[in-house]
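The structure appears right after this line, and notes come after that.
The values are calculated or read from the model by the stated rules, or taken from the named source; none is laboratory data. Model, not experiment: these values are computed from the prediction. Positions of Cβ are backbone-derived with ideal geometry, glycine not excepted, and every protein chain shown enters the neighbour counts. Each accessible area value is taken on the protein alone, full model and side chains, heavy atoms only, with ligands, DNA and RNA left out. Shrake-Rupley method; radii C 1.70, N 1.55, O 1.52, S 1.80 Å.
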Amino acid sequence: MATLTGNHHSDMGTQGAAGLTTWGRLKRGLTFTLIALLAACSLPAPKERRASHALLSGDSEQTILGKGLLPQLRAHPGLSGVASLSNSLDAFAARMSLISAAQRTLDVQYYIWRDDITGNLLLQALLDAAARGVRVRILLDDNGVSGLDEKLSLLNAEPNIEVRLFNPFPFRLFKPLGFLTEFGRLNRRMHNKSFTADGQVTVVGGRNIGDEYFGATQGVAFADLDVMAAGAVIDEVSKDFDRYWNSEPAYPLEELVTPPSEQRARQLKEAARDIARSPRAQTYTRAVTESRFAENLRAGLLDFQWVPVRMVSDDPDKVLNRAAPETMLLARLEQILDSPEKSVDLISPYFVPTEKGMEAFAAWAKKGVRLRILTNALEATDVTAVHAGYAKYRKPLLKEGVALYEMRRQAGQEEFREKAGPFGSSGSSLHAKTFSVDGKRVFVGSFNFDPRSARLNTELGFVIESVEIARSASRSFDIEIPRQSYELGLNEDGGLYWVERAGGDTKVLTTEPSAPWWKRGYVRFLSLLPIEGLL
């Protein structure tokens, strides 16, 4: 028995060793295969690409949009007409109306494009525009088009439509694998948003393309802000689009994506039709059609303010870490805005001031400048890590005399309702990026006040010299923002408190609102990590 038992254990040991050896070989093989795959999978070698250029305003005066704007353009030489798009339905109606009116060109540039109701409605509208002879150029950041490769490939195959992906990932099925070999490049994204028709009218601002940006979702929606613009600034936007479209990081889609089979193409087209025919899409489309903005646009009653406007944007080579500091949007903003004298009212969903920013706020406060900031509360943010980066600056900001507000998560919104929030939006989470200076100029665009926008991503926006728009932003801090936000303060012991005003009642909270202990602990843990430069 001893011999048998001994042999039995000996045999098991030999088999176990053999099994471990086999598993070790398998792991090594898989590791080598993965390394070889990562090394072999890279972006296609650069080819000579066909450059194309935007239609400038002077070349499209005879289009529907050009003729409609000509009397106002002649009455306001050198100025730009701007109209705020704060309401989510109006923002979608503006884009659909521009597509319908376009006769020659549509240039579309976005960070995110969702495969949802509004995303598919806009894709179909662009397809229809191309079918009637409009040249359509679509430039999308590759990080924000998850699951859209096949649909974009179908569009790209159509006459008059060309799609390019900016700073693309080499892997198409599981893009995050690209971070293993090219994190430095892929961590930098094109965050710009613009939508230009016939070189005559553009929409620029904070909104991406997706249901949460246009009030078409029952989940988290965003309070956001765009502006529609015409006039002198349009050629700047068109030339900037060309700069990105013809840049090295902008890859023609056909170099990256294999077209779907005929059977798959039929399935995709039928799925898109099903989305458009769905009851929810039909309800949303009716709400958009009935929006006051759409009515005014169709009737030629849109009230543009004619004021000086300057476009600011980053060099597209920023994503390749090759842009000179003086070409950065932040540097341009500093030059244009100079030093505030009376007030700064700042709205940003992701706000991480950094030590350099704190020095600026402190210097302005010492000069007697009134400083007010609105960002998302922890309960409303969609990026907890950014909130952690911001949270450690709250006490220093308050000690410098900065008025600090955190937008509450808005609940119980009626479906597709036009509700007047701080920016006319029914959003439940802040996404607008804007600030006004001295009640006379305002910035609207894609730029978040955080290290990512400053150093990593490319951004685009307008500096608008408008007392009316700037004061409107300031008035929101006087009236709407305190009603829909927590106002922060410091007690005698130096601890934070949150003042909540709702329905005529005022509550004072001494812990992070609507945040369980574990989430507060998680935020504190994240705030200790050396990740500020990535936020």
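Looking only at residues in region 498-522 that are charged (D, E, K, R) and open to solvent by 90 Å² or more (accessible area, probe 1.4 Å), which one is modelled with the highest pLDDT?
Taking region 498-522 as the starting set, the residues that turn out to be charged (D, E, K, R) are 500-501, 505, 507, 512, 519-520.
With open to solvent by 90 Å² or more (accessible area, probe 1.4 Å) added as a condition, the list becomes 505, 507.
Values: D505: 89, K507: 93.
Result: K507.
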Matching helices (runs of 4 or more DSSP H) fully within region 340-400 where at least 1 residues are at pLDDT below 95 and within 27 Å of F222 (Cβ to Cβ) | 354-366, 384-391
Determine which single condition K356 fails, assuming it passes every other condition in (1) within 23 Å of the chain's Cα centre (by Cα); (2) within 17 Å of Y393 (Cα to Cα); (3) surrounded by fewer than 12 Cβ atoms within 10 Å (Cβ to Cβ); (4) not polar (S, T, N, Q).
-> (1)
Residue count, region 141-162 (criterion: under 22 Å from N192 (Cβ atoms) and assigned to a helix (DSSP H, G or I)) = 8
Grab the helices (runs of 4 or more DSSP H) fully contained in region 230-299, keeping just those with 1 or more residues being closer than 21 Å to T202 by Cβ and modelled with pLDDT of 90 or more.
-> 234-245
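In this structure, does D315 turn out to be among the charged types (D, E, K, R) and within 20 Å of the chain's Cα centre (by Cα)? Talk me through it step by step, then tell me what you get.
Numbers: among the charged types (D, E, K, R): yes; within 20 Å of the chain's Cα centre (by Cα): yes.
In short, yes.
Got a number for residues in region 303-338 being of a type outside the set (V, I, T) and open to solvent by 30 Å² or more (accessible area, probe 1.4 Å)? Explain how you work it out, then say what you get.
We begin by selecting, within region 303-338, every residue of a type outside the set (V, I, T); these are 303-306, 308, 310-311, 313-318, 320-326, 328-335, 337-338.
Those left that are additionally open to solvent by 30 Å² or more (accessible area, probe 1.4 Å): 303, 305-306, 308, 310, 315, 317, 320-322, 324-326, 328, 330, 332, 334-335, 338.
Within region 303-338, residues that are of a type outside the set (V, I, T) and open to solvent by 30 Å² or more (accessible area, probe 1.4 Å) number 19.
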Among the residues of region 454-469, the number that are open to solvent by 10 Å² or more (accessible area, probe 1.4 Å) and touching a Leu at 6+ places or on another chain (Cβ under 9 Å) is 3
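Residue by residue through region 504-517, note down the ones that are more than 17 Å from D478 (Cα to Cα) and free of Cβ contacts under 8 Å to residues at least 40 places away in the same chain. Walk me through how you get there before you give the answer.
Step one: filter region 504-517 for residues more than 17 Å from D478 (Cα to Cα), giving 505, 507-517.
Residues satisfying the conditions are D505, K507, V508, L509, T510, T511, P516, W517.
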